[in-house]
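What follows is a single structure, written as C-alpha cells, with notes after it.
Every number in this text was worked out from the coordinates using simple rules, so none of it is lab data. This structure is a prediction, so every number in the text was calculated from the model and none was measured. As a convention, Cβ positions derive from the backbone with ideal geometry for all residues, glycine included, and neighbour counts pool all protein chains shown.
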Amino acid sequence: MASKRPALTPEQIAISEARKAKKAKQNATVPSLVDEEKGRFFERKWIQTTPTDIPIGHRVKILTWNLLAQCLVRRELFPNSDCLKAVQREHMLYREILLQNADILCLQEVDRLEKLLPVLESAGYAHRYASGPGKKHGCLIGWRKDVYSEVGTRLVIYDDQHVRVGEDGMNSQGASFRTKNIGHIVALKHAQSNEGLIVATTHLFWHPKYVYEKARQAAILKREVVEFKQSIGHEDFPCIISGDFNLTPDDPTYSMMVGDSVLPIQEKKLDPSYVVHATIDPTIAAGANKSSSDENEEEEGADPDKSITNARAARPEDGLLSLTELKDLFSKSGLPLKSAYDSGLRGYLESLNSSDKPTRTFGDRVTIPSSRRGGYEPEWTSYTFYWKLVLDYIFILDAPGGESTITGVLSGHKTEDLEPGLPRLGICGSDHTLLSAELVFTRK
C-alpha cells in the first residue's frame, strides 16, 4: 500500500500551490533565445485534481502539443488566423512550452529544428526526434537532462507493421492506406532512483473518414510500447502514450483504447472505412486523373470534411481486421489505457457544483453516458475556422503491480477565447492547444 501524506487544510493547499507556482516560474526562466513580447500567449490555470492524500512516489509532469508544422500552413486552411508566418508564431510556441516547466515533452508536427532545438537545449532538455518516410515534420520527445537519462528508443512506422501472422492468402499488414505516420518511443530512467517510464508520442492519420486505419495504428502503437519495454527488460516501467490521435472521445478507436464497448452507432462510423486506397493497391489509380489534393492525402493539407477518394471496397485477401480482431489486438497488449484528463477531472469535477467548475469538458457539449469514458476530456484541443474538435490525449498504462494518480492538469481554454479560430496572436501559436498533466506512479 502506498504511503500517504497527512491531509492538508485548504489554506495549506493554497500556500503550497502558490509556492510551487513561484518556484516553477523561477526555474522556467525564459532563455534569451525567446522574445517575451512576441511570445505572449493566453495563460491558463492549473487544476489540482487531488488536493489531499497525494501519494508519495515517482512524480512526473508531462505535456503534449501539436505545434502545427510550418511546412503544412496554408492560408486557405486558416482564413481568419492573424499569425501564420513562422516569425509570428514561434516565440509563442517556445514560451508556452517552457513556462509549463514539464519534466517530459511530447511534440508533434515538429519542423524548423534549427530554431527549436537550441531553445530546448538552453532550457535543459535532451531530446529524440523521429519522422516518417519522406515527411518534412515529425515527433519529438524531450526530457530534463538532470532528471532522466535515455535507456532505449524505438521507431514504429505503421505502414510496415504486421497485424496477422501465418494466414495464407491474406495481407499480413492489414492496412487500408500507406500514411507515413509513426509512433516514437523512448525509455527513460530517473537519475536519482531505479524508477523509470516508457514515453511514446504519435500523430495518427489525419483523414476523418479513415476510421479503421486510425484504429489499426492506435492498436499497433499500444502493442509496440508493451513489446518494447519487455525487450529492454523494464516490464516494471509504467507507460505514457500521448499525442495527436486525430479522433474524438466518441470515436470507436477511443472506446477500444480505454476498454469501453463499441456502440452500434460507432460501428456505423467504422464500417464505411473498410476500404483499400491506391497507396496500397496501385491498380486503383491506373489511368486516373488525380487532383493535387489527392496526391497529398497523407498530409493534413486539405478540407478535413473531404470524402474517401481513390479507393475501393476491401476484400478478404486485403487482410483488414474485423471489429472483433481489432478489439483482440488492443486487449492482447494488456490492460486498457487510462486518460489523464478524463480520469483526473472526472472525480474532481463531479464533487463540485456546476457553477464552481473551473473548466468545461467534452461532455458539456456532447452527450456521453456517465458509465462510459471520454466525457471529461477537454472541451476543445483544436479550434479553427474549419474544424473544432478534441483530438489530443495523454494516456497512461500502469506497470504490473503499480498504479498512477493524476494530481493535476492544465485547464482548457474557454470557447470565447479561441474565437474566431487558432492560431491567434496573444492566445495560442498553433491550431492545437497544449495539454499537460502531473502524475504520481506508485507500487501497490
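Odds and ends about this structure:
- Global geometry of the range 112-179, whether rounded, prolate or oblate, following the gyration tensor of its Cα atoms and the 1.5 cut on a/c: oblate
- Listed residues T415, T283, T359, most fluctuating in the chain (Gaussian network, C-alpha, under 10 Å): T283
- Tensor-based shape of the range 166-282 (alpha-carbon gyration tensor, a/c under 1.5 rounded, otherwise prolate or oblate): prolate
- Fluctuation leader among K357, K214, K61 - the chain, Gaussian network, Cα springs under 10 angstrom: K357
- Between R365 and D53, the contour length at 0.36 nm per residue exceeds the Cα-Cα span by 109.1 nm.
- Cα gyration tensor shape for the range 134-218, rounded if a/c is under 1.5, else prolate or oblate: prolate
- At R0 = 35 Å, FRET efficiency that the Cβ-Cβ distance of T153 and S32 yields, to 0.05: 0.70
- Normalised convex hull volume, the range 347-430, alpha-carbon set, Å³ per residue: 139
- Length, then width, then depth: along the principal axes, the Cα atoms of the range 398-441 run 47, 15, 13 Å.
- Long hydrophobic helices in the chain: the complete DSSP H runs spanning 18 Å or more by Cα along their own axis with mean Kyte-Doolittle hydropathy of at least -0.5 are 86-99.
- Normalised by residue number, the volume inside the convex hull of the Cα atoms of the range 194-245 is 61 Å³ per residue.
- Hydrodynamic radius of the range 69-226 per Kirkwood, over alpha carbon pairs, in Å: 17.5
- For the range 229-281, fraction of C-alpha pairs farther apart than 18 Å, in %: 56
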